[in-house]
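See below for the structure under consideration.
The values are calculated or read from the model by the stated rules, or taken from the named source; none is laboratory data. Please read these numbers as outputs of a predicted model, since none were measured by experiment. In this analysis, Cβ positions are derived from the backbone assuming ideal geometry, glycine residues included, and neighbour counts consider all displayed protein chains. Accessible surface areas use protein heavy atoms only, side chains included; no ligands, DNA or RNA. Shrake-Rupley method; radii C 1.70, N 1.55, O 1.52, S 1.80 Å.
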Amino acid sequence: MSKVSLEGQVAVVTGAARGVGELLARKLSERGAKVALVGLEPDELKAVAGRLPSDADWWYADVTDHEALAGVAREVKARFGKIDIVVANAGVAAGGPFEESDPVAWRRVIEVNLVGSAVTARAFLPVLRESRGYLLQIASLAAITPAPMMSAYCASKSGVEAYANCLRAEVAHHGVKVGVGYLSWTDTDMVRGADQDEVMRELRQRLPWPANKTYPLPPAVDRIVAGIERRSAKVYAQPWLRGMQSVRGHLPGIIATVGKREIKRFAPRLNQVPTGLVGSGGAADEKHRAG
């Protein structure tokens with residue numbers, strides 16, 4: 001597909017305080033886009049906005065709050081005059097065995113990653129129709145293949161992939177395009193937070209190549225930006241993820257067989273795995289809900 005120039009475009013990025021969202025905002029800004037940052041960490045959002053080379057602003061909002069997101073959509077349009085691109089990137093993660101998982105943290109992963117993504121789309125679709133714009137939903141390798149010890153995250157990312165694929169057909173006649181972005185393990189606070197637990201780190205290292213690697217953030221975000229420029233239906237932050245689509249139907253059976261062996265190996269240590277949200281973004285979410 002031909003590229004769309006980002007010069008003068010207005011992009012909204014949720015979960016923009018750090019990681020993929022922060023670097024994506026910077027890359028879009030460097031290409032001339034005006035950027036609206038949305039998240040739960042006001043100090044970090046303000047700092048990110050201040051570092052961007054193009055016009056930028058920030059909004060404190062919980063993506064699971066429809067009224068708050070609808071208000072952000074109105075304010076962003078009033079501030080910049082239009083909205084061309086929305087990237088639903090906000091997300092949290094929790095690990096560990098499902099049976100022993102914290103039910104509050106497990107539910108929160110679903111609420112932020114899946115419900116929050118749908119709330120984001122619902123809030124911004126009216127303005128995207130006006131601009132015939134583009135919604136990019138960030139998913140994950142976890143949408144393609146199941147991963148034991150990550151039931152909430154896999155469920156949420158499978159859900160956002162399915163919802164975005166449904167939405168694509170519903171809004172196409174309005175000129176709105178919808179894409180799904182896939183990332184493997186990428187060097188972010190979320191992944192580093194998960195790796196702080198010895199069991200989760202060792203389990204991940206025992207995954208088959210290339211799924212056992214942590215990939216650098218800048219090349220991944222460069223590929224996401226290229227996907228935004230092309231208004232792509234599928235965006236792969238690591239090129240090998242494209243090939244996973246052709247074998248995904250076989251993966252649940254393979255994972256069930258291999259996972260049984262690996263979980264049995266680690267069984268005596270599984271009760272050591274923390275059950276709360278991981279990383280700085282998880283801490284920010286917990287602080288927001290507490291206060």
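Quick notes on this structure:
- Residue list for the stretch 1-24, restricted to those being assigned to a loop (DSSP other than H, G, I, E, B), of a type in the set (Gly, Ala, Ser) and buried (at least 23 other Cβ atoms within 10 Å of the Cβ): 15, 16, 17
- Test: residue in the stretch 129-147 that is in a helix (DSSP H, G or I), out of contact with any His (no Cβ under 8 Å at 6 or more places or on another chain) and open to solvent by 50 Å² or more (accessible area, probe 1.4 Å): yes
- Wholly within the stretch 195-291, helices (runs of 4 or more DSSP H) carrying at least 2 residues that are closer than 30 Å to residue 175 by Cα: 217-230, 241-244
Results for (1) acidic (Asp, Glu); (2) out of contact with any helix residue (DSSP H, G or I) (no Cβ under 6 Å at 6 or more places or on another chain); (3) over 17 Å from residue 142 (Cβ atoms); (4) free of Cβ contacts under 8 Å to residues at least 60 places away in the same chain, shown as yes or no for each residue.
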residue	(1), (2), (3), (4)
185	no, no, no, yes
188	no, no, no, no
202	yes, yes, yes, no
227	no, yes, yes, no
282	no, yes, no, no
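- Qualifying residue in the stretch 163-179 (condition: under 19 Å from residue 14 (Cβ atoms), among the aromatic types (Phe, Trp, Tyr) and in contact with a helix residue (DSSP H, G or I) (Cβ under 8 Å, 6 or more places away or on another chain)): yes
- Condition check for residue 102 on (1) in contact with a Gly (Cβ under 8 Å, 6 or more places away or on another chain); (2) at pLDDT 95 or above: one failure, at (2).
- Every residue from the stretch 96-119 that is within 19 Å of the chain's Cα centre (by Cα), open to solvent by less than 10 Å² (accessible area, probe 1.4 Å) and either over 20 Å from residue 183 (Cα atoms) or among the small types (Gly, Ala, Ser) (or both): 105, 116, 117
- Restricted to the stretch 36-95, and to residues there that are part of a loop (DSSP other than H, G, I, E, B) and among the hydroxyl-bearing types (Ser, Thr, Tyr), the residue that is surrounded by the fewest Cβ atoms within 10 Å (Cβ to Cβ) is 54.
- In the condition set (1) polar (S, T, N, Q); (2) at pLDDT below 95; (3) closer than 16 Å to residue 240 by Cα; (4) open to solvent by less than 40 Å² (accessible area, probe 1.4 Å), residue 188 is compliant with all but (3).
- In the stretch 25-35, residue surrounded by the most Cβ atoms within 10 Å (Cβ to Cβ) [restricted to those that are in contact with a Ser or Thr (Cβ under 9 Å, 6 or more places away or on another chain) and without any contact (Cβ under 8 Å) to a residue 60 or more places away in the chain]: 35
- Flag if residue 238 is at pLDDT 95 or above and either exposed (fewer than 11 other Cβ atoms within 10 Å of the Cβ) or among the polar types (S, T, N, Q) (or both): yes
- Only listed residue being of a type in the set (A, V, I, L, M) and free of Cβ contacts under 8 Å to residues at least 40 places away in the same chain, chosen from 94, 105, 68, 121: 68
- Qualifying residue in the stretch 246-254 (condition: within 23 Å of residue 202 (Cβ to Cβ), of a type outside the set (Phe, Trp, Tyr) and buried (at least 16 other Cβ atoms within 10 Å of the Cβ)): no
- Counted residues, the stretch 213-228 - those being in contact with a Lys or Arg (Cβ under 9 Å, 6 or more places away or on another chain) and open to solvent by 50 Å² or more (accessible area, probe 1.4 Å): 3
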